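Trainee: Sharing a structure below in C-alpha cells format, with a few things to ask.
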Amino acid sequence: MQWRRLGGSGVVVSDLCMGTMTFGGQCDEQLSHAICDRAHEVGIDFYDAAELYPVPPTEEKFGITEEIFGRWLKTKPRDSIIVATKVTGPGHGWFKPPVRHGKTALDRRQIISACDDSLKRLQTDYIDLYQTHWPDHGMPYEEVLGILTELRDAGKVRVIGCSNESSWGLMKSLWAADQSKLDRYQTVQNNFSLINRRCESELAQVCRREEVSLLPYSPLGGGVLTGKYLDENPVGARFSAYLDDGNDRQKAMANRFINPRTLETTRRIIEIVDSINVTATAVAIAWSRQHDFVASTIFGATSLEQLEDSLQARDLILDQETLDRLDEIDREIPNPMTEDGLRRL
C-alpha cells in the first residue's frame, strides 16, 4: 500500500479506496461492516460513498449506504479514516434520480441540505472529501464552487471534488475558482479501466498540470474485466440484472460495458495474466494505481472472497513488459466501451 496526496491539499490517502455502493443493496449491514473491517485491516484508510447509494438507486433505499457506513465509522477513531461522499447532480438531464422527488440541483439550498443530511447519516461532524456526483454544465461554476467553499469555511468539509466531469468542465471549474478566489476541485472521480482508457489523454493533462488527482472508479469495468461475462451473463450480477429487467438507461449502460469489443479485450488480458500467474482482477486494479495522475483507485465488493481477490493488487507492481502487452491490446482494440456517457452531460 502507498499513500498519496489528494490534489494540492493536505489530505493524504491510501492508494486503494473502498467503494461502498453495494452497501444496503447487494450487501447487508453485517457483510458491509465485515468488508470495511478487512479493508481497514490491510491498511485502507479511504472510503467512498454517496447520498444516492446503494446502486441501483431507489427512493426506498436512498441514504442507506451512508447510514450503514456511518455505524461502522463510529467504531473507529474518526481522524484515522478519510471519508468521501457526494451530493446528487441535477435531475433535469440524462437521469432523474430518486432523490428529492427527482428535482435535484446544484444550488445553495440543495447542496447545503444534502451535506447536512449526509453528516447525520454518517454520524460525523465533517466530511473529508465532498464531491458533486455529476455536473450541471448550464450553471455557473462560480455559484457551485462558492457554496462548496462555504461548507469548507464552516468546517463541514475539508476538500472538494467532482465526479463524472469532462476535461472541459474540470478546466472551466479551475479557471472559475482562480478568478473568483474560491476553493478548487482537488479531485475528479471518473470511470477509468482497461476497457475505458479515455482519461489517459486530455483529462490526464489537466490533472498533471493543474495538480488535480484522478480517483478512478470501476477499475474492473463493472466486473467485465474479471472474465465473469465472457461465456454468459451470470445470475445476480449487476449488468445481468440491467439487461434482463433494467430500464432503458440501465440497458444502455450495460451494453456499453458488455459488447464484443470489451469481451475480446478481456479475453486477451486474461491470456496475459494467466502467463504471469496473477488474476485479472489484481492486474486491472494494479494497472490503474500505477498512473502518476491517480491518487487512489476505488473498487467495490459484494463478498469477502471478491474483496480478497481485489486486495491482491495492493502489493502488485506490473513490469514494463506486461504494461507494453496491455498497451498492444489497446492499440488493436481502441476505446472498446465506444463511449463512457460523459457526452450527454
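The values are calculated or read from the model by the stated rules, or taken from the named source; none is laboratory data. It should be emphasised that the depicted structure is a prediction, and the values quoted were computed from it without experimental measurement. Because the Cβ atoms are built from the backbone with ideal geometry, glycine has one as well, and the counts that use them run over all protein chains shown.
Okay, residues lined up against (1) hydrophobic (A, V, I, L, M, F, W, C); (2) under 24 Å from residue 220 (Cβ atoms); (3) more than 19 Å from the chain's Cα centre (by Cα); (4) part of a loop (DSSP other than H, G, I, E, B):
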site	(1), (2), (3), (4)
33	no, yes, yes, no
38	no, yes, yes, no
71	no, no, yes, no
75	no, no, yes, yes
85	no, yes, no, no
93	no, no, yes, yes
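Trainee: Would you check if there is a residue in the range 5-24 being buried (at least 16 other Cβ atoms within 10 Å of the Cβ), in contact with a helix residue (DSSP H, G or I) (Cβ under 8 Å, 6 or more places away or on another chain) and over 25 Å from residue 214 (Cβ atoms)?
Mentor: Yes - at least one qualifying residue is present in the range 5-24.
Trainee: A further question follows. Mind listing whichever residues of the range 310-327 are touching a helix residue (DSSP H, G or I) at 6+ places or on another chain (Cβ under 6 Å) and either modelled with pLDDT under 95 or not in a helix (DSSP H, G or I) (or both)?
Mentor: Those that are touching a helix residue (DSSP H, G or I) at 6+ places or on another chain (Cβ under 6 Å) and either modelled with pLDDT under 95 or not in a helix (DSSP H, G or I) (or both): 316, 318.
Trainee: Being crowded, with 18+ Cβ neighbours inside 10 Å, free of Cβ contacts under 8 Å to residues at least 40 places away in the same chain and polar (S, T, N, Q) is the filter here, so list the residues in the range 66-119 that pass it.
Mentor: Answer for the range 66-119, where residues must be crowded, with 18+ Cβ neighbours inside 10 Å, free of Cβ contacts under 8 Å to residues at least 40 places away in the same chain and polar (S, T, N, Q): 104, 110.
Trainee: Across the range 190-249, which residue is modelled with the lowest pLDDT among those that are more than 16 Å from the chain's Cα centre (by Cα), outside any helix (DSSP H, G or I) and of a type in the set (Gly, Ala, Ser)?
Mentor: 236
Trainee: Cβ-Cβ distance below 6 Å, separation of 6 or more or different chains: which pairs start in the range 120-137 with a residue that is in a loop (DSSP other than H, G, I, E, B) and end on one that is among the β-branched types (Val, Ile, Thr)?
Mentor: 133/88
Trainee: Output the residues belonging to the range 95-118 that are within 20 Å of the chain's Cα centre (by Cα) and either in a helix (DSSP H, G or I) or farther than 29 Å from residue 247 by Cβ (or both).
Mentor: 111, 114, 115, 118
Trainee: For the condition in contact with an Asp or Glu (Cβ under 9 Å, 6 or more places away or on another chain), at pLDDT below 95 and either among the aliphatic types (A, V, I, L, M) or closer than 29 Å to residue 37 by Cα (or both), what is the one hit in 276, 258, 298?
Mentor: 276
Trainee: Taking residue 258 as the residue in question, decide whether it is more than 25 Å from residue 162 (Cα to Cα) and touching a residue at least 40 places away in the same chain (Cβ under 8 Å).
Mentor: no
Trainee: Modelled with pLDDT of 95 or more, in a helix (DSSP H, G or I) and over 17 Å from the mean Cα position of the chain (by Cα): is that true of residue 330 in this structure?
Mentor: In short, yes.
Trainee: Here is a follow-up. Any idea which of 281, 265 is more than 20 Å from the chain's Cα centre (by Cα), touching a residue at least 60 places away in the same chain (Cβ under 8 Å) and under 30 Å from residue 42 (Cβ atoms)?
Mentor: 265
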